[in-house]
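Only the coordinates and a few stated rules stand behind these numbers; no lab work does. Note that the coordinates shown come from a computational prediction; the quantities given were computed from them, not determined experimentally. For neighbour counting, all protein chains shown are included, and Cβ atoms are generated from backbone atoms with ideal geometry for every residue, glycine included.
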Amino acid sequence: MRLHRLISIILFFTLALSSSLVAAQEKQRVLLQARLSDEGPVIEDGVEWRIFSASSATTGELEELVYSFGGPKAFDIEPGEYYVHAAYGHAGAVRKISVGSISLREEFTLNAGGLKLDATSSSDVRIPDRLLRFDVYEEEILENGNRKLLARNVKPKEIIAFPVGTYHVVSRFGDHNATVRADLRVSLGKLTNAVLQHRAAIITFRLVRQLGGDAVADTAWSILTENGEVIQESTSTFPTLVLAEGNYTAIARHNDAVYSEDFLVRSGFNTDVEVLVPN
């Protein structure tokens, strides 16, 4: 009886293993890789791969079966029809594939290039990365007068792929009025390396009892343009702002007293503005 039961168990696991091997043999290897252009090298990292079941397309919503990130990828897939989407930065391509009885090698050409952005505050004064961000828009202006935003808060020197075309780039230096715009062309398989130039500077404000002295604590600040527009209000003892080139007024309030100072911002000249408490 024990022998009979042992044989039954062995047969069960043998059949299960055999079924598993048959199922594994039914799957076929699919190799996926992407290039920016037909003649460009294979992209070795940063590609998002997604595989969807084509049979689910009839429901109006594709079922995602596989997600992977990196460079060239190989997947073992059961025979059938699938949609494969390759995305690299803001460039992408989608293709329907049929997996049969032989292995497949699928190459995706994204027809894209790279965009690398940076900026200075004059011809040679670099801007700290923490104070600089870029937004990338479509070139076309919509009926409402705006452009479609494609990428927000892009970091300086970050390389992002975009389909071939012209894009409208907005560079923001600091959090206030220092912005510059440019239309840039992304070429097939190439890196567009653009350095924009701001007309602005980093200004630190201090209320002092004598020039070059220590900042007076418990000071509230208002920074105004020459037209009276308030750019910033702060309760910091010595606030630091990025301001576009131009004329401004600094107003300091301390112990119910108000002091002011007109000042000029010159591009690339990072400096302190001292508001003097009269004797």
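Short-range pairs are left out: with C-alpha atoms under 8 Å and at least six residues apart, the relative contact order of the chain is 14 percent.
Would you please classify the overall shape of region 113-197 from the alpha carbon gyration tensor, given that a ≥ b ≥ c denote the square roots of the eigenvalues, rounded means a/c under 1.5, and beyond that prolate means a/b larger than b/c while oblate covers the rest? In terms of gyration-tensor shape, oblate.
Residues of region 151-175 falling in the label zone of residue 236, defined by backbone nitrogen less than 14 Å from a point 7 Å along Cα to beta-carbon, are 174-175. The structure-derived value of semi-axes √(5λ) of the Cα gyration tensor in Å appears in the list [x] 42, 26, 19; [y] 62, 25, 16; [z] 36, 28, 18 under the label [y]. Each residue of region 243-260 is assigned a 3J(HN,Hα), and the resulting list reads 10, 5, 4, x, 9, 9, 10, 9, 10, 10, 10, 8, 6, 6, 9, 10, 10, 9 Hz, derived from the Karplus form 6.51 cos²θ - 1.76 cosθ + 1.60 (θ = phi - 60°), x at Gly and Pro. Applying the Karplus relation 6.51 cos²θ - 1.76 cosθ + 1.60 with θ = phi - 60° to region 148-160 yields 3J(HN,Hα) values of 6, 7, 9, 8, 10, 6, 5, 7, x, 6, 7, 9, 10 Hz, where x marks Gly and Pro. When shorter helices are ignored and each DSSP H run of at least 4 residues is given -39500 (n - 2.57), the per-residue value for the chain at 222 nm works out to -3000 deg cm²/dmol.
Considering only 190, 27, 116, give the residue with the highest GNM mean-square fluctuation for the chain, with springs between Cα atoms whenever their separation is below 10 Å. Among 190, 27, 116, the largest GNM mean-square fluctuation belongs to 27. Here the Gaussian network model covers the chain, with springs between Cα atoms less than 10 Å apart; of 112, 161, 182, 182 fluctuates the most.
How far is helix 2-26 tilted, in degrees, relative to the longest principal axis of the Cα atoms in the chain, given as a value from 0 to 90 rounded to the nearest 10? Result, in degrees: 60.
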